[in-house]
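The structure under discussion appears below in the form of structure tokens.
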Amino acid sequence: MTDPVDLRFFTSLQKVLARTDTVDTACRDAVERALATGMPEDLRIARERVHALPTEFRERVLAQVHAAMASDLSAIWDMMPTRSGAGRPN
């Protein structure tokens, strides 16, 4: 089973890469494949492709991914212990 955080990370990464003209197509293809299959090997390859990007570019992309994930309230809510509505959140 694919970790929901991995899915959110790669979905955010895919969106950021789609807005970028300078990304290497091997990286973009690896991320798309990882999302399509969810297979551990494809996830690993996608991470390696991201890591292989030029440092400055990779840091800009990952900063945008981090901002997207940090502001995704549904993801934050899903991680709370009372997400099912079984109790009070505080």
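The values are calculated or read from the model by the stated rules, or taken from the named source; none is laboratory data. Since the structure is predicted, the reported quantities are computational estimates derived from the model, not experimental observations. Cβ placement follows ideal geometry from the backbone for every residue including glycine, while neighbour counts extend to all protein chains displayed. The accessibility values were calculated without ligands, DNA or RNA, using every heavy atom of the protein model including side chains. Shrake-Rupley method; radii C 1.70, N 1.55, O 1.52, S 1.80 Å.
What the table shows:
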{"quantity": "From the options 47, 33, residue that is closer than 14 Å to residue 5 by Cα, at pLDDT 95 or above and open to solvent by 90 Å² or more (accessible area, probe 1.4 Å)", "calculated": "47"}
{"quantity": "Any pair with Cβ under 7 angstrom, 6 or more apart, that starts in the stretch 23-40 at a residue that is within 18 Å of residue 52 (Cα to Cα) and ends at one that is open to solvent by 70 Å² or more (accessible area, probe 1.4 Å) and assigned to a helix (DSSP H, G or I)", "calculated": "26/49; 27/49; 30/49"}
{"quantity": "Subset of the stretch 35-56 [under 16 Å from residue 12 (Cβ atoms) and of a type in the set (Val, Ile, Thr)]", "calculated": "50"}
{"quantity": "Selection within the stretch 8-19 - exposed (fewer than 15 other Cβ atoms within 10 Å of the Cβ) and touching a residue at least 24 places away in the same chain (Cβ under 8 Å)", "calculated": "15"}
{"quantity": "Of residues in the stretch 63-77 being in contact (Cβ under 8 Å) with a residue 24 or more places away in the chain and under 16 Å from residue 14 (Cα atoms), the one most open to solvent (accessible area, probe 1.4 Å)", "calculated": "64"}
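Residues are listed down the side, and each one gets a yes or a no for (1) at negative phi; (2) part of a helix (DSSP H, G or I); (3) of a type in the set (A, V, I, L, M):
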| site | (1), (2), (3) |
| --- | --- |
| 29 | yes, yes, no |
| 49 | yes, yes, no |
| 53 | yes, no, yes |
| 60 | yes, yes, no |
| 63 | yes, yes, yes |
| 66 | yes, yes, no |
